[in-house]
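Nothing in this text is a laboratory measurement; each read-out follows from the coordinates by a stated rule. Because the structure is predicted, anything quoted here is derived from the model rather than measured. Using ideal geometry, Cβ is built from the backbone for each residue, glycine included, and neighbour counts are taken over all protein chains shown.
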Amino acid sequence: MEYIDPEDEEQSQIVYPARDAERSQQAFDHERGATAGQAAAPIGVFDSGAGGLTVLSALRAELPREHYIYLGDTAHIPYGQRSDAEITELSIQGCHFLVEQGVKMIVVACNTASQAALATLRATFSIPFVGVVPAVKPAARMTRKGRIGVAATNQASRATYLRHLIDEYADGIAVYAVGCPELVTLVERGELDGPVVEETVRQALLPILREDIDVLALGCTHFPALRPVIERVAGSRVQVIDSGAAVARRAHDVLDAEALLQPSNNGALATGELRVWCSGDPAAFSAVASKILGYPVVAAQFIAPESQARRQAQ
């Protein structure tokens with residue numbers, strides 16, 4: 001779950017669950033063999049709901065020729081109110097589906113799932129994984145006042161890994177974290193602007209904005225969908241940042257290192273295909289996804305194995 005900065009990544013000595021360094025050489029060797037010749041395969045993007053669509057946008061900007069399969073586990077959102085064991089089981093279930101679809105890499109576009117499940121996912125599947133994390137490191141570099149805020153889910157705001165990030169990258173800087181589950185709800189409903197949305201954002205961010213911060217890191221992938229409102233509420237003296245672009249660059253680097261970048265023989269301007277799935281109501285998710293991405297999306301419904309079994313029993 002580390003925020004990746006290519007020029008000084010090697011300087012870090014702490015290994016977090018989301019880091020590639022945790023994986024064994026045997027896992028790497030197996031992965032290389034399993035993914036050989038799969039450069040034309042799609043990239044999987046997994047999230048608890050619609051938030052990962054903001055990461056998908058960054059990925060498509062960074063890697064436009066790649067094909068993508070997106071899965072939002074909308075039937076089980078919010079992950080931020082679930083236990084690590086539940087989040088891990090749901091993440092394995094979703095990623096198993098993506099692997100069955102033939103993806104060559106999975107981006108876990110959910111801070112909560114990255115924190116709780118990424119190490120297990122890497123031990124379970126033999127393809128590369130990239131996770132996300134609150135952008136504590138760049139926020140600490142950008143602050144002039146020495147006071148930064150982190151807006152996250154309830155669980156992520158209390159997680160030990162966030163404290164580790166703060167200890168390593170924000171030593172001597174005051175960091176204020178707050179859980180904002182109501183903002184996740186807004187995005188899942190497709191409510192991205194307007195007076196009610198602005199007031200909800202204002203109340204959610206009040207605990208950290210009143211601490212006189214000058215940088216606000218969005219520690220949930222849902223929140224960039226509300227960025228225009230968040231920036232209005234935070235004011236011009238507060239810089240708002242997220243890790244979407246850094247995650248996309250990291251995915252690019254991993255694909256390049258594994259010789260898995262999409263071949264360019266389809267033309268330099270070719271745009272990859274996108275397939276979207278969700279575990280909840282596909283019509284509702286299609287409407288929200290279209291609003292966030294800015295172009296029409298038609299989602300199909302993913303039915304978890306146990307859900308399928310229950311339906312057949314009925």
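The residues neighbouring H222, those whose beta-carbon lies less than 15 Å from its own, together hold a net charge of -4 under the Lys/Arg +1, Asp/Glu -1 convention. For segment 245-304 versus segment 111-134, the inter-centroid distance based on Cα atoms is 18 Å.
Under 19 Å from a label point set 7 Å out along the Cα-to-Cβ vector of R237, the amide N atoms of segment 187-213 belong to 202-203, 205-213.
Straight Cα distances below 28 angstrom link K137 to the lysines K145, with same-chain residues fewer than 8 positions distant left out.
Normalised by 2.2 N^0.38 Å, where N is the number of residues, the alpha-carbon radius of gyration of segment 35-125 equals 1.04. Positive contributions from Lys and Arg (+1) and negative ones from Asp and Glu (-1), summed over other residues with Cβ under 14 Å from the Cβ of V45, come out at -1. Loop-located trypsin sites (Lys or Arg not before Pro) in segment 68-168 (DSSP state other than H, G, I, E, B) with a sparse environment of at most 10 neighbouring Cβ atoms within 10 Å: R144.
Using C-alpha pairs under 8 Å with a sequence gap of at least 6, the mean separation divided by the residue count of segment 100-149 gives a relative contact order of 37 percent. Using only Cα coordinates, the Kirkwood hydrodynamic radius of segment 136-242 works out to 13.6 Å.
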